[in-house]
Amino acid sequence: MSYENIIAEVKGNVGLITLNRPQALNALCAALITDIGEALDQFENDENIRAIVITGSERAFAAGADIKEMADYDYMDVYKNDFITKGWTRVASCRKPVIAAVAGFALGGGCELAMMCDIILAADTAKFGQPEITIGTIPGAGGTQRLTRAIGKSKAMEMCLTGRMMDAEEAERSGLVARVVPADSLLEEAMKLADKIASFSGPVSMKVKESVSKSYEMTLTEGLMFERREFHSTFALDDRAEGMKAFSEKRKPDFKHR
Ligand code: CO8
């Protein structure tokens with residue numbers, strides 16, 4: 001499958017999307033967002049894919065929405081078309097686990113794209129920021145919401161109100177990223193992580209993703225009930241029976257992803 005703005009590849013049981021607009025530091029033009037959505041559709045429809053990695057280049061994961069593309073929009077253009085919502089929500093609505101492997105700049109929409117993923121793995125060169133205020137606008141795809149939930153109000157306010165960038169070490173300390181790795185092993189580490197996830201039962205990892213994601217949306221009581229019902233539902237899976245049987249028989253489980 002070939003795209004203009006991304007490279008989409010299948011590597012074993014992992015779908016890999018590499019943002020590929022080097023001339024614009026992977027700025028997220030509308031066509032690139034459409035490409036990501038189509039690649040995710042393909043990966044979600046492929047039974048053999050059980051984890052997805054989204055990455056950029058050494059220099060930039062993505063330097064934000066394409067400022068040159070949006071510069072001439074007026075209010076009615078963005079309001080009538082519900083600019084941003086279309087296409088963008090595709091990443092957050094993906095049911096399979098998605099890892100963002102971030103090196104270099106993850107700014108504005110780039111930081112928001114990373115935060116729509118389930119796990120952020122950062123190279124030691126990564127820089128996160130919401131610089132929209134410096135160009136007279138505000139984050140529009142989750143920067144004021146997901147960043148605040150990830151790192152807390154004070155730091156999120158500081159970043160969104162000043163546009164300051166956070167380096168990888170601070171991002172890990174603040175809970176924005178899962179782990180920092182040397183830049184030259186970022187993709188290898190991300191693929192290892194994705195392979196590990198893909199080695200487990202596909203429907204079970206989807207249930208884990210759905211349950212953890214619900215913790216953002218529900219009260220604790222509702223979330224605990226949701227989790228318990230999902231836990232109960234795993235008892236309908238062949239993979240749950242196989243996993244527990246294999247443990248008793250001291251062997252590796254042979255998951256069939258059903
Ligand atoms: N949009 C369009 N082009 C960009 C962008 C961008 N966001 N970022 C970089 N580029 C282009 C530059 O214009 C330049 O192109 P050219 O060579 O033709 O002049 C090329 O990429 C290289 O960039 P620089 O020369 O500026 O490289 P530097 O290393 O000097 O600087 C920076 C790197 C600091 C990343 C700098 O490019 C920069 O500040 N970029 C803009 C960052 C920014 O403000 N991002 C937020 C954008 S607004 C946003 O994301 C709102 C999100 C809303 C949700 C998403 C809706 C789609």
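No value in this document is a laboratory result; all are computed from the given coordinates. In this text, all values refer to a predicted model and were calculated from it rather than measured experimentally. Every residue, glycine as well, gets a Cβ built from its backbone with ideal geometry; the counts of neighbours run over all protein chains shown.
Rounded, prolate or oblate, given the Cα gyration tensor of the chain, with a/c below 1.5 counting as rounded? Could the numbers behind the result be given before it?
On the way: a/c = 1.75, a/b = 1.59, b/c = 1.10.
Prolate, since a/c reaches 1.5 and a/b exceeds b/c.
Counting only DSSP beta bridges with both residues in the chain, tell me the antiparallel percent, nearest 5.
Working: 8 of 30 bridges.
Within the chain, antiparallel bridges account for around 25 percent of the total.
Per-residue ellipticity at 222 nm for the chain, helices alone: DSSP H runs ≥ 4 residues times -39500 (n - 2.57), over residue total, nearest 500 deg cm²/dmol? The partial results should precede the final answer.
Details: 12 runs with 115 residues, N = 258.
Estimated from H runs of four or more residues: -13000 deg cm²/dmol.
Considering only DSSP states other than H, G, I, E and B, which GluC sites (Glu not before Pro) in segment 157-258 qualify as loop sites with at most 15 other Cβ atoms within 10 Å? Don't skip to the answer; put the middle values down first.
On the way: sites: E158, E169, E170, E172, E188, E189, E210, E217, E222, E227, E230, E242, E249; in loops: E217, E249.
Qualifying residues, ordered by number: E217, E249.
In segment 23-73, which trypsin sites (Lys or Arg not before Pro) fall in coil by DSSP and have 14 or fewer other Cβ atoms within 10 Å? If you can, show how the numbers build up before the last one.
On the way: sites: R50, R59, K68; in loops: R50, R59.
Answer by residue number: R59.
Across segment 6-198, how many lysine pairs, 8 or more positions apart or on different chains, have C-alpha atoms separated by under 25 Å? Please give the number.
12
I need the phi-derived Karplus couplings for segment 232-239: 6.51 cos²θ - 1.76 cosθ + 1.60, θ = phi - 60°, integer Hz, Gly and Pro marked x.
Here the 3J(HN,Hα) series is 4, 5, 5, 6, 8, 8, 4, 5 Hz.
Can you give the three extents of the C-alpha atoms in segment 201-249 along their principal axes, from longest to shortest, in whole Å?
The principal-axis extents, from largest down, are 39, 18, 15 Å.
For E242 and S93, compute 0.36 nm times the residue count separating them, minus their Cα-Cα distance, and round to one decimal in nm. List each step's numbers first, then the result.
Numbers: separation 149, 0.36 × 149 = 53.64 nm, distance 2.91 nm.
This chain segment gains 50.7 nm when fully extended.
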